[in-house]
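The values are calculated or read from the model by the stated rules, or taken from the named source; none is laboratory data. The shown structure was predicted, so the numbers you read here are calculated from the model rather than taken from an experiment. Neighbour counts are summed over all protein chains in view; Cβ atoms, including those assigned to glycine, are modelled from backbone coordinates with ideal geometry. SASA here: full protein model, heavy atoms, side chains in, ligands and nucleic acids out. Shrake-Rupley method; radii C 1.70, N 1.55, O 1.52, S 1.80 Å.
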Amino acid sequence: MENMKPKMMQKNFFTPTVIGLTILAINGLIFLLIRFVWGIGAVTNLDNQHPWGIWIGIDVAAGVALAAGGFTTAALGHIMHKDQYHSIIRPALLTAMLGYTFVALSVMIDLGRYYYIWHPLIMWNGSSVLFEVGMCVMIYVMVLYIEFLPIVTERFIGRVNLPGFLKKLNKPVDKFLRVLDRGLEKTMFVFIIAGVVLSCLHQSSLGTLMVIAGPKMHPLWQTPVLPLLFLLSAISVGFPMVIMESVITSKSFGLKPETNILADLSNIIAPLLGVYLAFKIGDMVIRQTFTYLTEINTSSVMFTLELLIGIIIPLRLFLSNEIKKSPTGMAIASFLVVLGVLMNRINNFLVAYNPPYAQHSYFPSIGEISVTIGFVALEILLFRFFVINFPIVSVPVYSTPQTKFAIRGGSK
Amino acid sequence: MLNQSRRDFLKTSTLITSATLGLNSKSKAASKYVLSEDRMGVLVDTTVCIGCRKCEWACKVAHNLPTEPIDTYDDRSVFKEKRRPNDKALTVVNEYPNDFTDKFPIDVKVQCMHCDKPACLSACIVGAFSKHENGAVFWDSTKCIGCRYCMVACPFQIPAFEFEKALKPDIKKCDFCYKDRTFKGKLPACVEICPVEAITYGRREDLIKAAREKIKMYPNRYVNRIFGEYEVGGTSWLYLASKDFEKLDFPKLGKDPAPGVSEAIQHGIFAYFVPPVALYALLGGIMWINKNKKSKEQEQDK
């Protein structure tokens with residue numbers, strides 16, 4: 001049996017796609033600059049009727065959901081101890097770490113007084129759902145960084161090579177990294193479980209967030225079980241995100257796709273989607289909101305699309321054995337799930353929100369869209385940077401040496 | 001990665017559990033307010049209001065907002081469109097047609113209702129809102145981080161935000177003239193200036209009694225309802241009208257407090273931190289069992 005081991009990718013950072021992404025990122029950053037100099041109103045289409053736009057609906061709400069791959073794979077690989085999935089944990093962890101970092105950044109740019117972002121740390125309001133989400137996300141970002149640290153120590157132990165006069169520090173730094181690595185190895189399980197608990201908490205509370213909007217939210221989405229629906233959808237979108245990211249990475253770096261592992265993963269997705277669909281339909285039946293589907297308007301169309309494209313079609317696809325033989329097929333089915341959850345978060349936070357005195361409806365400005373796209377582009381660029389410079393992606397290893405770290409001074 | 005010994009596992013888990021338990025005994029202190037029986041309120045009789053908009057002027061002056069001279073407020077052409085309070089005007093008057101006579105249109109003053117169970121107070125991430133003893137719902141500039149969740153939460157869509165400001169944008173809403181006037185026993189600026197006494201400041205309970213009396217005495221003049229008596233758990237501002245409140249652009253709201261469901265869910269998930277700690281313990285247990293299973297299998301393989 002071949003062994004899989006995470007390796008740094010030997011590739012140039014720059015490709016035509018990367019240059020395109022860089023342009024998108026810079027475009028977003030320019031609009032961001034305008035936001036910081038002339039205020040939120042100068043860049044966004046927000047007003048007193050529409051206090052939240054796509055920076056909250058997409059960048060934060062959908063961002064948190066799509067970073068769920070981190071905790072679902074950790075639960076599967078570490079807590080359930082399914083060792084065959086170990087090769088996908090690191091890419092999923094990196095996706096989650098970058099995802100949550102950008103969630104935090106998006107919250108910050110959307111805050112009117114971004115320089116007071118630390119206020120919730122000392123000014124508590126236990127009844128505020130937003131407070132709970134904020135605290136959980138803040139702690140979880142820390143947990144993700146800690147979970148990522150072993151990859152950093154693995155990268156540098158035995159390879160510390162500081163330039164110039166810092167050379168003297170090579171040995172102490174190396175020693176520190178080894179101590180750190182040993183300490184982390186002993187305590188990592190604490191952080192892994194904490195990561196899963198924190199994720200369950202804030203993924204669901206993100207749904208509770210809109211409950212307080214009450215009748216301002218369309219009845220198709222406004223329900224007391226929103227937190228459960230958010231949690232279930234986050235859990236069901238975690239693995240599709242991992243599959244998509246894995247297939248694209250393989251393509252981009254010319255690796256053989258890990259079809260077997262991905263097919264095993266696909267087998268878990270169908271039941272998860274099924275449970276989500278059951279609760280979604282059940283909620284609709286119990287509250288009898290299906291009557292709203294008989295009238296044709298933005299809400300009913302969006303709800304139907306979300307259900308059809310995001311849950312029902314991919315559920316059917318993941319039940320077929322043909323799909324599981326082709327990485328592209330699995331990637332497409334996964335993309336539909338991702339799209340469905342993205343639509344669900346946009347629907348919950350923007351489409352369903354009908355303020356009572358709105359003169360017009362909200363549509364994001366070019367500035368808002370630019371910043372959102374720019375952030376996504378930046379995330380992809382950072383992902384590529386990490387994959388090239390750190391041992392993230394697993395490749396088959398045929399040689400036998402079983403040393404964990406490179407020997408200092410030895411060949412690379 | 002996870003080859004720590006069983007003893008390590010137990011040691012660390014005990015540590016974590018005790019740390020979490022220690023934490024939550026401290027974190028119960030959420031800011032709770034007591035609703036005073038003597039809290040004040042304002043009764044707006046929309047059948048008396050003449051739409052002179054002097055209250056708009058007085059409010060701006062009292063809150064240091066830029067304003068045109070007082071005589072420009074006589075211009076009635078602003079009633080052509082419905083206006084909402086915003087960051088430049090904390091109260092506005094809108095005009096609606098009277099079904100019985102064109103001579104006396106219905107004028108409705110709009111501002112923060114100062115709910116008894118405010119959604120903004122429940123929602124605010126840093127607890128920047130407070131409900132004072134005299135009924136005022138007050139926003140604290142020193143805490144606010146500008147997240148605008150209060151605007152999402154408010155059932156009356158009242159809080160406004162200074163979108164144009166890059167630094168220190170405020171949430172703007174009627175503050176019941178708390179700091180400079182009502183706290184010191186004075187009248188709110190709008191009540192003080194009203195030339196026809198369409199708005200009355202007083203103990204909320206007394207105002208409700210007075211309003212009931214009015215409805216009883218003039219059953220043809222009023223619809224039999226005091227808006228704000230029960231809506232979203234009661235508000236400090238109360239309204240009387242000759243026409244269905246929904247036709248005067250009042251929102252259709254139930255009697256349950258606006259933050260009710262969301263707080264119930266929130267406190268259900270966080271009941272003394274029991275559910276999160278239980279989930280932590282459960283996952284730890286599953287992890288331990290699976291780990292032992294794996295190591296036994298490996299021993300058998302050897």
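Please indicate, with yes or no, whether at least one residue in segment A:163-174 is small (Gly, Ala, Ser) and touching a residue at least 40 places away in the same chain (Cβ under 8 Å).
So the first thing to find is which residues in segment A:163-174 are small (Gly, Ala, Ser), and the list is A:164.
In the following step, the residues that additionally are touching a residue at least 40 places away in the same chain (Cβ under 8 Å) were identified as none.
Scanning segment A:163-174 turns up no residue that is small (Gly, Ala, Ser) and touching a residue at least 40 places away in the same chain (Cβ under 8 Å).
Among what's in segment B:130-165 and is more than 7 Å from every other protein chain (Cβ to nearest Cβ) and under 8 Å from the mean Cα position of the chain (by Cα), pick the residue that is nearest to B:Leu35 (Cα to Cα).
First pass over segment B:130-165, keeping only residues more than 7 Å from every other protein chain (Cβ to nearest Cβ): B:130-142, B:150, B:154, B:156, B:158-159, B:162.
Checking the rest, the ones that are also under 8 Å from the mean Cα position of the chain (by Cα) come to B:137, B:150, B:154.
Values: B:Val137: 12, B:Cys150: 20, B:Cys154: 19 Å.
Step by step, filter segment B:130-165, then rank; the result is B:Val137.
Go through segment B:129-169 and count every residue that is at positive phi and not charged (D, E, K, R). Give the steps one after another, and end with the answer.
Step one: of segment B:129-169, the residues at positive phi are B:135, B:146, B:148, B:157, B:168.
Remaining after also requiring not charged (D, E, K, R): B:135, B:146, B:157.
Residues meeting the conditions: 3.
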Query raised in the report: Could we say that B:Lys80 is assigned by TED's automatic domain parsing to the domain that holds B:Pro188, surrounded by fewer than 20 Cβ atoms within 10 Å (Cβ to Cβ) and closer than 18 Å to A:Gln359 by Cβ here?
Result: yes
Apart from one, (1) among the charged types (D, E, K, R); (2) at pLDDT 90 or above; (3) open to solvent by 40 Å² or more (accessible area, probe 1.4 Å) all hold for B:Arg204; the odd one out is (3)
Note: among A:Leu277, A:Leu209, just one is on the phi < 0 side of the Ramachandran plot, free of Cβ contacts under 8 Å to residues at least 40 places away in the same chain and open to solvent by less than 40 Å² (accessible area, probe 1.4 Å), namely A:Leu277
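Within segment A:210-219, work out how many residues are facing another protein chain (nearest Cβ under 9 Å) and farther than 17 Å from A:Leu130 by Cα. Before you say what the answer is, go through the steps one by one.
At the first step, the residues of segment A:210-219 found to be facing another protein chain (nearest Cβ under 9 Å) are A:210-216.
The next check asks that each one be farther than 17 Å from A:Leu130 by Cα; those that pass are A:215-216.
The total comes to 2.
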Listed by first then second residue, the pairs whose first member lies in segment A:87-114 and is over 30 Å from B:Lys165 (Cα atoms), whose partner is among the polar types (S, T, N, Q) and surrounded by fewer than 23 Cβ atoms within 10 Å (Cβ to Cβ), with beta carbons under 7 Å and at least 6 positions apart or on separate chains, are A:Ser87/A:Ser394; A:Pro91/A:Thr249
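Looking at the structure I just gave you, is A:Leu144 assigned to a loop (DSSP other than H, G, I, E, B) and either closer than 30 Å to B:Gly260 by Cα or within 24 Å of the chain's Cα centre (by Cα) (or both)? Break it down stepwise before answering.
Details: assigned to a loop (DSSP other than H, G, I, E, B): no; either closer than 30 Å to B:Gly260 by Cα or within 24 Å of the chain's Cα centre (by Cα) (or both): yes.
The answer is no for A:Leu144.
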Review point. Is it true that A:Glu132 is under 30 Å from B:Gln157 (Cα atoms), in a helix (DSSP H, G or I) and among the charged types (D, E, K, R)?
Key: yes
Taking segment A:91-113 and keeping residues open to solvent by 40 Å² or more (accessible area, probe 1.4 Å) and within 13 Å of another protein chain (Cβ to nearest Cβ) leaves A:Val107, A:Met108
Those residues of segment B:95-117 that are at pLDDT 95 or above and within 12 Å of chain A (Cβ to nearest Cβ) come to a total of 1
Matching residues in segment A:220-252 (within 13 Å of chain B (Cβ to nearest Cβ) and either touching a residue at least 24 places away in the same chain (Cβ under 8 Å) or part of a loop (DSSP other than H, G, I, E, B) (or both)) number 9
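Determine which member of the set A:Ile40, A:Ile54 is touching a Pro at 6+ places or on another chain (Cβ under 6 Å) and either within 7 Å of chain B (Cβ to nearest Cβ) or open to solvent by less than 30 Å² (accessible area, probe 1.4 Å) (or both).
Only one candidate passes the filter, namely A:Ile54.
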Contact list, first residue from segment B:263-282 and more than 18 Å from B:Ala119 (Cβ to Cβ) and among the small types (Gly, Ala, Ser), second anywhere and open to solvent by 40 Å² or more (accessible area, probe 1.4 Å) and modelled with pLDDT under 85, beta-carbon distance below 6 Å, six or more apart or interchain, is none
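Which members of segment B:235-250 meet the condition of being surrounded by fewer than 18 Cβ atoms within 10 Å (Cβ to Cβ) and within 13 Å of chain A (Cβ to nearest Cβ)?
Result: B:Glu246, B:Asp249.
I'd like to know if segment B:274-284 contains one or more residues that are within 14 Å of chain A (Cβ to nearest Cβ), in contact with a strand residue (DSSP E or B) (Cβ under 9 Å, 6 or more places away or on another chain), open to solvent by 40 Å² or more (accessible area, probe 1.4 Å) and at pLDDT below 90. Outline the logic, then answer.
Residues of segment B:274-284 that are within 14 Å of chain A (Cβ to nearest Cβ), as a first pass: B:274-284.
If we keep only those that are in contact with a strand residue (DSSP E or B) (Cβ under 9 Å, 6 or more places away or on another chain) as well, we get none.
The answer is no, given that none of the residues of segment B:274-284 is within 14 Å of chain A (Cβ to nearest Cβ), in contact with a strand residue (DSSP E or B) (Cβ under 9 Å, 6 or more places away or on another chain), open to solvent by 40 Å² or more (accessible area, probe 1.4 Å) and at pLDDT below 90.
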Quick check, is A:Leu177 more than 25 Å from the chain's Cα centre (by Cα), assigned to a helix (DSSP H, G or I) and either surrounded by fewer than 22 Cβ atoms within 10 Å (Cβ to Cβ) or facing another protein chain (nearest Cβ under 8 Å) (or both)? yes
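Sort through B:Gly228, B:Gly185 and tell me the only one that's at positive phi and out of contact with any strand residue (DSSP E or B) (no Cβ under 6 Å at 6 or more places or on another chain). Explain how you work it out, then say what you get.
Details: B:Gly228 fails: out of contact with any strand residue (DSSP E or B) (no Cβ under 6 Å at 6 or more places or on another chain).
Sole residue among the options that is at positive phi and out of contact with any strand residue (DSSP E or B) (no Cβ under 6 Å at 6 or more places or on another chain): B:Gly185.
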